[in-house]
Structures are given as structure tokens and as C-alpha cells.
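The values are calculated or read from the model by the stated rules, or taken from the named source; none is laboratory data. All figures in this text were calculated on a predicted structure; none of them were measured in a lab. We place every Cβ from the backbone using ideal geometry, glycine too, and count neighbours over all the protein chains shown. The protein model used for the area step is the full one, side chains on, heavy atoms only, and it has no ligands, DNA or RNA in it. Shrake-Rupley method; radii C 1.70, N 1.55, O 1.52, S 1.80 Å.
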Amino acid sequence: MILPIIAYGDPVLKRKAKAVTPEYPKFKELIENMFETMYGANGLGLAAPQVGLSIRVFLVDASPFAEDEELSPEERALYASFKKVFVNAEILDEEGEEWAFSEGCLSIPGVTEDVFRQPKVTIRYQDENFKEYTETYTGYIARVIQHEYDHIEGILFTDKLSSLKKRLIKGKLNNISKGKCSADYRMRFPEMSKKR
Ligand code: NI
């Protein structure tokens, strides 16, 4: 089932999300619905707060990056099959010199900006069966993980922009929070949530 994506301005996107336990109701179904929602919106990642749930769950599918011809065949193979659920993730370490990459977000349609982040991330997380892993990622995978991880910490990529950039996009963000934007997927805007 495709879920509506929560738009910028909803307080759930600013909240630090809580850990989940194996007892969470219909957990597998939620993961399936989140994947369907992400693919329906052509996203590379989706975090639970973006479907209105303040829990520490996010998905990443890095396969679109496998098209990048500047990558080595090994990297392309890694990206092509990289589809993962991160449950109760904690970033343990970030390393290296920050690099800029143009980011967007399904909750903030029509806005893309260069965001600076470190290139290497070590993360501890559980999979959908609550089996624990600690892994280190670099490149685009690290980038998507950092963006999605920020969502479960209540941080949006627009929070990481310079104050000048923030001023420049303020009008657009205000419009999104009022539902004045277009996206080719279903969204839920803060005004609509208030009425419910
Ligand atoms: Ni996002």
C-alpha cells in the first residue's frame, strides 16, 4: 500500500524518532509499504517519519547510482544490489573531508541544494529481523544513509544549508508547508493533518 508522504512543515519531521522493538505491530507490512511508497515516488531512500511514524526505521535503495559510468565495475555491482532496511540505526563515526552533493527530499519537492557531508560513515543497525550489524560505507551509499539517518534524528537537509541559502529558499519551504507545490506522488501537508 502506498502511504502519503509527509510534507515539510509537519512537526513529525522535526522529532527525534524512537527505537522500535520486534513487537511493533505489523512491522513487516510497514516495511513493505514503505518500499512501495519509496518506489512509487522514485526515491533512493525513505525514513519512517516521512510516512508520519516517529520510529527509527529507514530504507535505502542505491541501485539508480549503478548507472554512474565514472564508478568502477565493483562499485557499480555493489550499488546495483544495494537495497536495505536500517532499524534502530546509530551512526558511530563519520570520517574524511566534507564534500558537496546535490540533495533533494521527497518531503521537500522541488528543492535541491548542495549539502556538505563527510565521505565515510560507520553505522550500527538492525535489519528487518532485528539482527544487528556494524558496517562502514563510503560514496553515494554513505550519502543516502546520512540523509536518511538525519530524518530519524529530526533533521532535514535544508537545516544544513548556509543562512543565506536558507533565506533564499524560505518562500518555497513556506509554500510546501501550505500545500502549494506539485509532486507526482501522494503527499500529506501540515494543514491537512491539523484538520483531521
Ligand atoms: Ni529526505
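Tabulated data
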read-out: Net length gained if the chain between residue 21 and residue 101 were fully extended (0.36 nm per residue, minus Cα distance); value: 25.4 nm
read-out: q = 0.12, 0.18 Å⁻¹, the chain: log10 I(q)/I(0) [Debye, one scatterer per Cα]; value: -0.59, -1.35
read-out: Solvent-accessible ranking of 105, 181, largest area first, probe 1.4 Å; value: 181, 105
read-out: Estimated dipole of the chain in Debye, rounded to 20 [Cβ of Lys and Arg +1, of Asp and Glu -1, Cα centre]; value: 1480
read-out: Size of charge dipole - the stretch 114-196 - debye, nearest 20, with Cβ of Lys, Arg +1 and Asp, Glu -1, no other charges; value: 740
read-out: Low-density loop positions, trypsin sites (Lys or Arg not before Pro), the stretch 1-56 - DSSP coil, at most 10 other Cβ in 10 Å; value: 26
read-out: Per-pair calculated FRET efficiency, R0 = 35 Å: residue 153 and residue 76 via Cβ, rounded to 0.05; value: 0.70
read-out: List 39, 125, ordered by accessible area with a 1.4 Å probe, largest first; value: 39, 125
read-out: Accessible-area value, residue 116, 1.4 Å probe, nucleic acids and ligands omitted, Å²; value: 120
read-out: Charge dipole of the chain about the Cα centre (unit charges at C-beta), most positive-ward option of 162, 21, 8; value: 8
read-out: GluC sites (Glu not before Pro) lying in DSSP loop within the stretch 59-134, provided at most 15 other Cβ fall within 10 Å; value: 69, 70, 97, 98
read-out: Trypsin sites (Lys or Arg not before Pro) lying in DSSP loop within the stretch 75-180, provided at most 11 other Cβ fall within 10 Å; value: 131, 180
read-out: Extension gain (nm, one decimal) between residue 186 and residue 39, 0.36 nm per residue minus Cα-Cα; value: 51.7 nm
read-out: Given charges at beta-carbon only (K, R positive; D, E negative), |dipole| of the stretch 1-107 in Debye; value: 900
read-out: Residue 118 paired with residue 94, simple spin-label distance in nm, labels 7 Å along Cα-to-beta-carbon; value: 0.8
